[in-house]
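A.B. asks: Here it is, the structure in full.
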Amino acid sequence: MSSGHPRTSKNLLSFIADRFPVDKLNFHHMVEEKRVPIHRMSWGYYTGGLTALFFLIQVVTGLFLLFYYQPTVSDANISVEFISHHVAGGALIRNMHAWSSSCMIFSAIVHLLTAFAMKAFDKPREITWISGVLLLLITFAFGFTGYLLPWNQIAVNATKVGLQSVEDLSQCLPPFLAGLPRVLRETFQGEASIGQSTLGRFYAMHIVLLPLAIASLLGLHLLCVQLHGMSKGVDKETDKSERFFPFFIFKDLFIWAIVFLGLFTVSICVPFDSFLPYPLLAPYDPLAATPPGIKPEWYFYFVYYPLEMLPFPVIVALSNILMAVLFLTPWIFKGTSRRTLQTLALSATAYLIVMTLFGEQIVHFVKP
Amino acid sequence: MFPTPMLKCNSPSVFLQVTFASFIMSFGLCIQVGIAYPEFQQFSEKNSGRTTNCASCHENATGPAGNGSGQIGSLTIEEFAKLNEARTAFEPGKDVDSPILNRFGDLLIKKLGKRKVLEDRKEPAKLASDYGFQSDIDQDGIPDAQEFLDGTDPQNQHHGDAWRLFVVNINRYAPHIIAAAIGVLLLDWGFARMIGGFMAIKRARKKRST
């Protein structure tokens, strides 16, 4: 018993020392010496950088939107309309914010799947993986909190559904915890129904709390990536590699330029709201009936459509299992070959694509 | 003329008579005009697969019946006069400024006449071809008639079929896109040269030191 504690703390110290080697904490090791393997999965190394690019675009366009956006139930929708129709370049900035938020979530999911397939969570990269999973969850939280801000029919009604789901969690909890979801919902909502307090809280989360959380975690994530270098990515050892600085950086910058141009072109040509029926874009009316067609953003379809088909407790159980697997991936798949991981990643990709593109048809088929 | 609550009533009996008459007239109008023509909305939704509402032609998204803004129950005497004038525009060419219709609705009545609009209820698809594909109220590059067929908002420049908007805007904003492309690629080239410059300085220093 007496020797248990020193051994545990020794193990913990050794774990931390392996993940944060002080001798490698210098520019020479982290940048000049760093090499990037070249193989058929090398494209996966660019997905993290692209996610960072979309995050930077979010920050810059978000700052511009802050100049005009009014976080009050009476003015929020009008201020968004004002940005779109009367501010010079306002429509472009707003569209870039909306498009890049979707692109950021898309590239974050692709980054997670490629990192999984390339076994980029293997020792000593466990903290890189866990911080990455947390970053993805924060990105989803950004999407959820930002969705309410235009204060239109779909924004408020979809948020209502989301918050109701939080309260519904009480069905799946033991009696002593059953009150917790209600407390959580009330905390997010701030008042009896969605109103000014909710908007204020979501706004605060969207522009202060979540950016602070993502900035700190992103710092940790990038530090880990630079400290441990790129994972080898494939089972077979490859001789080919290139220097991170300047060659990989050159290519990364070029891809950033092309992707930015693509985003700019799409944002200037296609308003993001065009994909929604116009009755859902009308200012929120608390006295009106809930309009048909209320749905969350596309990146929640993978959980929204199963919710339509399966009992709520089943979805909660599956979500919990998925979360546990995601966080424990470095230990669960420690000895798994990359070929198996690629098959698993492809299966997950297929599920996400099918549920996102054909989820509605599947629901109609299952529940006519 | 139509009585409104603004009228001054000297005795309760007059007030009751006025209120009763007002109620009867409003009710009559609601029956006659209040029910819009859902055939067009139903066609638009079926044709496009999108949810729409009365706001494509009416001031109020829930239609002309009711007491809300742009609805019959809230009209003033002057607005009732305008409504009656609009209701008599059976033939095309008459300027219409109906308080319950939006600009697209007004233009529709002006261009086709109410008689034609009523006829088209039997075959709502004809409304688009009868109206023609020249008018574009919101100037988004998609004609109003096409927006009716696509189930999009003819009065909102930032709402339309995504692909059609892309095709229109890629031509409209070609100079902006080209300017952005030149700017971004120059910036990228500049960054690359800068990094290359740092590398060259580093190599030169290393050479000198050895």
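The values are calculated or read from the model by the stated rules, or taken from the named source; none is laboratory data. Here the structure is a predicted model, which is why all the values come from computation and not from measurement. Every residue, glycine as well, gets a Cβ built from its backbone with ideal geometry; the counts of neighbours run over all protein chains shown. In case anyone asks, the SASA skips ligands and DNA or RNA and just uses the protein heavy atoms, side chains included. Shrake-Rupley method; radii C 1.70, N 1.55, O 1.52, S 1.80 Å.
One line per residue, one yes/no per condition, for (1) polar (S, T, N, Q); (2) surrounded by 11 or more Cβ atoms within 10 Å (Cβ to Cβ):
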{"position": "A:ASN11", "(1), (2)": "yes, no"}
{"position": "A:PHE27", "(1), (2)": "no, no"}
{"position": "A:VAL31", "(1), (2)": "no, yes"}
{"position": "A:HIS39", "(1), (2)": "no, yes"}
{"position": "A:TYR45", "(1), (2)": "no, yes"}
{"position": "A:SER84", "(1), (2)": "yes, yes"}
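A.B. asks: Give all pairs with beta carbons closer than 8 Å in which a residue from segment A:76-95 that is more than 9 Å from chain B (Cβ to nearest Cβ) meets a residue that is crowded, with 20+ Cβ neighbours inside 10 Å and among the basic types (Lys, Arg); count only pairs at least 6 apart in sequence or on separate chains.
C.D. replies: Listed pairs, sorted by first residue: A:VAL80/A:ARG94; A:ILE83/A:ARG94.
A.B. asks: From the list B:GLY132, B:GLY141, exactly one residue is more than 10 Å from chain A (Cβ to nearest Cβ) and closer than 22 Å to A:GLU81 by Cβ. Which is it? Show your work before the answer.
C.D. replies: Values: B:GLY132 fails: closer than 22 Å to A:GLU81 by Cβ.
So the residue among B:GLY132, B:GLY141 that is more than 10 Å from chain A (Cβ to nearest Cβ) and closer than 22 Å to A:GLU81 by Cβ is B:GLY141.
A.B. asks: Here's a follow-up. Is one or more of the residues making up segment A:119-141 under 30 Å from A:ALA289 (Cβ atoms) and at pLDDT 95 or above? Step through it out loud before you land on a result.
C.D. replies: Taking segment A:119-141 and keeping what is under 30 Å from A:ALA289 (Cβ atoms), we get A:140-141.
Going one step further and asking which of them are at pLDDT 95 or above, we end up with A:140-141.
There is at least one residue in segment A:119-141 that is under 30 Å from A:ALA289 (Cβ atoms) and at pLDDT 95 or above.
A.B. asks: Within segment A:341-359, does at least one residue satisfy the condition of being of a type in the set (S, T, N, Q), closer than 26 Å to A:ILE127 by Cα and either assigned to a loop (DSSP other than H, G, I, E, B) or touching a residue at least 40 places away in the same chain (Cβ under 8 Å) (or both)? Working first, answer last.
C.D. replies: First, pick out the residues of segment A:341-359 that are of a type in the set (S, T, N, Q): A:342-343, A:347, A:349, A:356.
Restricting the remaining residues to those that are closer than 26 Å to A:ILE127 by Cα gives A:342-343, A:347, A:349.
Then keep just the ones that are either assigned to a loop (DSSP other than H, G, I, E, B) or touching a residue at least 40 places away in the same chain (Cβ under 8 Å) (or both); that gives A:342, A:349.
Yes: one or more hits.
A.B. asks: Still on this structure, please answer the following. Residues A:LEU280, A:LEU261, A:LEU253: which one is open to solvent by less than 30 Å² (accessible area, probe 1.4 Å), within 24 Å of B:GLY190 (Cβ to Cβ), in a helix (DSSP H, G or I) and within 14 Å of chain B (Cβ to nearest Cβ)? Working first, answer last.
C.D. replies: Details: A:LEU280 fails: within 24 Å of B:GLY190 (Cβ to Cβ); A:LEU253 fails: open to solvent by less than 30 Å² (accessible area, probe 1.4 Å).
Among A:LEU280, A:LEU261, A:LEU253, only A:LEU261 is open to solvent by less than 30 Å² (accessible area, probe 1.4 Å), within 24 Å of B:GLY190 (Cβ to Cβ), in a helix (DSSP H, G or I) and within 14 Å of chain B (Cβ to nearest Cβ).
A.B. asks: Yes or no: A:SER74 at negative phi, modelled with pLDDT of 95 or more and either open to solvent by 60 Å² or more (accessible area, probe 1.4 Å) or not in a helix (DSSP H, G or I) (or both)? First the steps, then the outcome.
C.D. replies: Values: at negative phi: yes; modelled with pLDDT of 95 or more: yes; either open to solvent by 60 Å² or more (accessible area, probe 1.4 Å) or not in a helix (DSSP H, G or I) (or both): yes.
Spelling it out, A:SER74 is indeed at negative phi, modelled with pLDDT of 95 or more and either open to solvent by 60 Å² or more (accessible area, probe 1.4 Å) or not in a helix (DSSP H, G or I) (or both).
A.B. asks: Tally the residues that are assigned to a helix (DSSP H, G or I) and free of Cβ contacts under 8 Å to residues at least 40 places away in the same chain, restricting the search to segment A:304-319. Before the answer, list the steps.
C.D. replies: Going residue by residue through segment A:304-319, those that are assigned to a helix (DSSP H, G or I) are A:304-309, A:312-319.
From what is left, the residues that are free of Cβ contacts under 8 Å to residues at least 40 places away in the same chain are A:314-315, A:318-319.
Matching residues across segment A:304-319 total 4.
A.B. asks: Right, here's the next one. Look at B:GLN139 and say whether it is open to solvent by 70 Å² or more (accessible area, probe 1.4 Å), in the same structural domain as B:ASN53 (by TED's automatic domain parsing) and at positive phi. Explain how you work it out, then say what you get.
C.D. replies: Working: open to solvent by 70 Å² or more (accessible area, probe 1.4 Å): yes; in the same structural domain as B:ASN53 (by TED's automatic domain parsing): yes; at positive phi: yes.
When the stated conditions are applied, B:GLN139 passes them.
A.B. asks: Looking for whichever is touching a residue at least 24 places away in the same chain (Cβ under 8 Å), in contact with a Gly (Cβ under 7 Å, 6 or more places away or on another chain) and more than 30 Å from A:ARG19 (Cα to Cα) here; the options are A:LEU280, A:LEU199, A:LEU276, A:LEU263. Which one fits?
C.D. replies: On the way: A:LEU199 fails: in contact with a Gly (Cβ under 7 Å, 6 or more places away or on another chain); A:LEU276 fails: in contact with a Gly (Cβ under 7 Å, 6 or more places away or on another chain); A:LEU263 fails: in contact with a Gly (Cβ under 7 Å, 6 or more places away or on another chain).
Matching residue, one of A:LEU280, A:LEU199, A:LEU276, A:LEU263: A:LEU280.
A.B. asks: Kindly provide the set of residues from segment A:292-307 that are within 19 Å of A:THR198 (Cβ to Cβ) and within 14 Å of chain B (Cβ to nearest Cβ), ordered by number.
C.D. replies: Looking only at segment A:292-307, we keep the residues that are within 19 Å of A:THR198 (Cβ to Cβ), and these are A:294, A:296-297, A:300.
Residue satisfying the conditions is A:ILE294 alone.
A.B. asks: Let me ask something else. Suppose we filter A:PHE106, A:PHE116 for residues that are closer than 14 Å to A:GLY44 by Cα, of a type outside the set (S, T, N, Q), surrounded by fewer than 20 Cβ atoms within 10 Å (Cβ to Cβ) and out of contact with any Phe, Trp or Tyr (no Cβ under 6 Å at 6 or more places or on another chain); which single one remains? Please lay out each step first, then the result.
C.D. replies: On the way: A:PHE116 fails: surrounded by fewer than 20 Cβ atoms within 10 Å (Cβ to Cβ).
Every option except A:PHE106 fails the conditions.
A.B. asks: Filter segment A:264-277 down to residues that are among the aliphatic types (A, V, I, L, M) and more than 7 Å from chain B (Cβ to nearest Cβ), then give me how many there are.
C.D. replies: At the first step, the residues of segment A:264-277 found to be among the aliphatic types (A, V, I, L, M) are A:266, A:268, A:270, A:276.
Retained after the next criterion (residues that are more than 7 Å from chain B (Cβ to nearest Cβ)): A:266, A:276.
Adding up the residues that qualify gives 2.
Rundown of residues vs (1) aromatic (Phe, Trp, Tyr); (2) more than 13 Å from the chain's Cα centre (by Cα), yes/no style:
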site	(1), (2)
A:SER101	no, no
A:PHE121	yes, yes
A:VAL133	no, no
A:PRO150	no, yes
A:VAL156	no, yes
A:VAL161	no, yes
A:VAL166	no, yes
A:LEU173	no, yes
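A.B. asks: Consider B:ALA204 against the criteria (1) of a type in the set (A, V, I, L, M); (2) surrounded by fewer than 19 Cβ atoms within 10 Å (Cβ to Cβ); (3) within 14 Å of chain A (Cβ to nearest Cβ): it satisfies all of them except one. Which criterion is unmet?
C.D. replies: (3)
A.B. asks: Can you pull out every residue in segment A:241-250 that is open to solvent by less than 30 Å² (accessible area, probe 1.4 Å) and either touching a Ser or Thr at 6+ places or on another chain (Cβ under 6 Å) or part of a helix (DSSP H, G or I) (or both)? Walk me through it before giving the result.
C.D. replies: First pass over segment A:241-250, keeping only residues open to solvent by less than 30 Å² (accessible area, probe 1.4 Å): A:242, A:244, A:246, A:248.
Answer for segment A:241-250, where residues must be open to solvent by less than 30 Å² (accessible area, probe 1.4 Å) and either touching a Ser or Thr at 6+ places or on another chain (Cβ under 6 Å) or part of a helix (DSSP H, G or I) (or both): A:PHE244, A:PRO246, A:PHE248.
A.B. asks: Another one. Please enumerate the residues belonging to segment A:9-46 that are of a type in the set (Val, Ile, Thr) and outside any loop (DSSP other than H, G, I, E, B).
C.D. replies: Filtering segment A:9-46 down to residues of a type in the set (Val, Ile, Thr) leaves A:16, A:22, A:31, A:36, A:38.
Hits for segment A:9-46 are A:ILE16, A:VAL22, A:VAL31, A:VAL36.
A.B. asks: Then there's this: Just one of B:ASP188, B:ASP130 is under 30 Å from A:PHE260 (Cβ atoms) and surrounded by 16 or more Cβ atoms within 10 Å (Cβ to Cβ); which is it? Don't jump to the end; show me each part of the working.
C.D. replies: Details: B:ASP130 fails: under 30 Å from A:PHE260 (Cβ atoms).
Step by step, each of B:ASP188, B:ASP130 is checked, and only B:ASP188 is under 30 Å from A:PHE260 (Cβ atoms) and surrounded by 16 or more Cβ atoms within 10 Å (Cβ to Cβ).
A.B. asks: Restricting to segment B:40-86, give me the number of residues that are open to solvent by 50 Å² or more (accessible area, probe 1.4 Å), under 23 Å from B:THR152 (Cβ atoms) and basic (Lys, Arg).
C.D. replies: 1
A.B. asks: Could you check how many residues of segment A:232-260 are at pLDDT below 90 and within 23 Å of the chain's Cα centre (by Cα)?
C.D. replies: 1
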